[in-house]
Amino acid sequence: MLLYVVLLPSLACCADVATQHNDRYRTGANLLETELTPATVAGGRFGKLFSLCVNGQIYAQPLVLTGVDIEGKGVHDTLFVATMENNIYAFDAKGQPDAPLWKTNVGPPVPYTEIPQGITTIGDTYNIRQWIGITSTPVVDRERRRLFATAKIKEAGGIVYRLFAIDIANGHVAQSADIDVRQDGELIRDFAFRHLQRPGLLLSKGLLYLAFGAGWVLAYSAETLRQEYALCTTPGGNGGGIWQAGNGPAADDDGNVYLMTGNGDFDNKSRFGSSFLKLGRDLRVLSWFTPSNYVKLNLIDLDLGSAGPVLLPGGGELVGGGKEGKLFLLNRDKLGGLEQRSNPPVQVFRATPGWRLTWTSWIPGLWNEGYHHLHGSPVFWRSRNGALLYVWGEEDFLKAFRYDPHSHFNPRPLKSKTEAPDGMPGGILSLSANQDHDGVLWAALPLDQDAFIATVRGVLRAFDATTLVELWSTEADEPDDNFSFAKFCPPTVANGKVYLATFSDRLNVYGMRETASPTRSKTAAKRARSLHRHGKRYEKQH
């Protein structure tokens, strides 16, 4: 996994977050956090420390690398931020100084009005505004001292996708390569124009994996940036896009790659819309699983791949789910093929409510399917009280499902008292803990509006990861901080700080303040008493 332990003179452990959702398993968990605990977050001193100014919407998750020797500026714990204006920034992770250590622009972004989406343009239909540039989360390779990112670029000859290797010491472009896609030997000339590289990049066994909404997966050498392998999930067909709400493909310790596809053609042979895929290092399809109701999922736009898979550490299983609101637990060695009564998955259960009146409610057989979608990968944590999987679906409550390797998931979850607002996308989650204790679950979500099309105000919430008692929120701490929600972008938690992307040309940073205000102290005291009561009750029940 891309999670490093760095020994400092104080012997304290520091964590790197070098890839989307923390590691190649995509667990979303940083298990080296000692400063931020349920007690300290609820204690009155936790809050916003500062903001860092950037140009452009931040769709990519911020990344953190400790102990980076910045050319001419000394050693810094470094925060990397990429924006839709094709800017990549390196900041001091503690905000000292608050000006960038370096800033690089990798090329002119594409005006959002120039990209078609059906009969209209992306910008008229969705909340991408002004520019389309770096949409996916980069990945940092400490050994090579490189940050890898893809960018959509407008040039005189047209629109191109380009892969970059950036020197983390100075921001210089060390290497770059145009992303060319060929089908049956013929170059797809409008590929970069029509398709979005949304999932986070994956670095595994010396290869960089890039996944596209067009249903393509490409593998590049991290050393040379030469394209080594390619796969289309629906060759000669339609759909099968890979977007996973920005979550990157996952990889196991052998270098096998796992992902989930969206609506698309399925033929039980080479076209794998609405499916889980296990791919070899060379992108050969090794195993797959497709729900039995894939026709229905395609018919009413219930993408299976609206979230990404999570590989469960220490075992041989993976879990994932999408817009239908069901979670599938699968055996990694053999995903299972087409779901049948004689060949069921390891487990399948509904994680979000099963119905809501919509325009499809009158169609027989469709009224009870989905509508409380899952977006963004679940988060997995092995606490001292047992393993837990966290999800927060649309218009639903934050939930934690207990996992046992023998009996699998208990479908009766622990639920918070906090509900997501109406509409998209529910809560986008990360977790911090000190190994198996002191867990805090962090959630970025809209404050009170639907983020499907509109750019809306955001909120960051923190919960005790064991009891799901809410500890803190920006709504209560700084109600006048009107930042715009960064869609599908999870908070990054590292070394006592929480880094929250926004669509407000800034990144907010939270942590422990030196003192607490009197008002916050009273609120914190009430939360501490509530936390204690819930903790005792939880211990008795479990």
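Scanning the range 340-356 for residues that are modelled with pLDDT of 95 or more and over 20 Å from HIS372 (Cβ atoms) yields PRO345, VAL346. Within the range 135-159, no residue satisfies the criterion of being at pLDDT 95 or above, in contact with a helix residue (DSSP H, G or I) (Cβ under 8 Å, 6 or more places away or on another chain) and on the phi > 0 side of the Ramachandran plot. Checking each residue of the range 70-88 against the condition of being at pLDDT below 95, surrounded by fewer than 17 Cβ atoms within 10 Å (Cβ to Cβ) and either farther than 21 Å from VAL17 by Cα or among the hydroxyl-bearing types (Ser, Thr, Tyr) (or both) gives no match.
In the set (1) at pLDDT 95 or above; (2) among the aliphatic types (A, V, I, L, M); (3) crowded, with 16+ Cβ neighbours inside 10 Å; (4) in a loop (DSSP other than H, G, I, E, B), ILE128 fails one condition alone, (1). Each residue in the range 405-430 was checked for being in a strand (DSSP E or B) and either more than 20 Å from the chain's Cα centre (by Cα) or within 20 Å of HIS372 (Cβ to Cβ) (or both), and 10 pass.
Scanning the range 32-64 for residues that are part of a loop (DSSP other than H, G, I, E, B) and under 24 Å from MET84 (Cα atoms) yields a total of 9.
Scanning the range 80-118 for residues that are outside any helix (DSSP H, G or I), in contact with a Gly (Cβ under 9 Å, 6 or more places away or on another chain) and of a type in the set (Phe, Trp, Tyr) yields TYR89, TRP102. Of the set (1) more than 20 Å from the chain's Cα centre (by Cα); (2) surrounded by 23 or more Cβ atoms within 10 Å (Cβ to Cβ); (3) closer than 17 Å to ALA494 by Cα, all apply to VAL54 but (3). Residue check: is GLY439 outside any strand (DSSP E or B), in contact with a Phe, Trp or Tyr (Cβ under 7 Å, 6 or more places away or on another chain) and modelled with pLDDT of 95 or more? So GLY439 fails the test. Looking only at residues in the range 166-208 that are among the β-branched types (Val, Ile, Thr) and outside any loop (DSSP other than H, G, I, E, B), the one that is nearest to VAL310 (Cα to Cα) is ILE166.
Here's the yes/no breakdown for (1) within 20 Å of the chain's Cα centre (by Cα); (2) part of a strand (DSSP E or B); (3) free of Cβ contacts under 8 Å to residues at least 40 places away in the same chain:
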| site | (1), (2), (3) |
| --- | --- |
| GLU228 | no, yes, no |
| GLY248 | yes, no, no |
| ASP254 | no, no, yes |
| GLY262 | yes, no, no |
| LYS278 | yes, yes, no |
| LEU286 | no, yes, yes |
| PHE289 | no, yes, no |
| VAL295 | no, no, yes |
| LEU302 | yes, no, no |
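List, please: which pairs have Cβ atoms under 6 Å, are six or more places apart or on different chains, and start with a residue in the range 33-45 that is crowded, with 24+ Cβ neighbours inside 10 Å and end with one that is among the aromatic types (Phe, Trp, Tyr) and modelled with pLDDT under 95? Going by the 6 Å Cβ cut-off, there are no qualifying pairs.
Checking ARG226, ARG189, ARG281, ARG271 one by one, the residue that is surrounded by fewer than 24 Cβ atoms within 10 Å (Cβ to Cβ), of a type in the set (D, E, K, R), farther than 20 Å from PHE328 by Cβ and touching a Gly at 6+ places or on another chain (Cβ under 7 Å) is ARG281 and no other.
Residues of the range 304-347 that are within 21 Å of ALA245 (Cα to Cα) and part of a strand (DSSP E or B): VAL310, LEU311, LEU318, VAL319, GLY320, GLY321, LYS326, LEU327, PHE328, LEU329, LEU330. Taking the listed residues ALA387, ALA433, ALA444, ALA400, the one that is more than 21 Å from PRO313 (Cβ to Cβ), part of a strand (DSSP E or B) and either aliphatic (A, V, I, L, M) or touching a residue at least 24 places away in the same chain (Cβ under 8 Å) (or both) is ALA444, with no other qualifying. GLY370 fulfils the conditions (1) at pLDDT below 70; (2) of a type outside the set (D, E, K, R); (3) farther than 14 Å from GLY426 by Cα except for a single criterion, (3). Between LEU203, LEU163, the distinction of being within 24 Å of the chain's Cα centre (by Cα), more than 20 Å from THR83 (Cβ to Cβ) and in contact (Cβ under 8 Å) with a residue 60 or more places away in the chain belongs to LEU203 only.
The values are calculated or read from the model by the stated rules, or taken from the named source; none is laboratory data. Computed from a predicted structure; not experimentally measured. Neighbour counts are summed over all protein chains in view; Cβ atoms, including those assigned to glycine, are modelled from backbone coordinates with ideal geometry.
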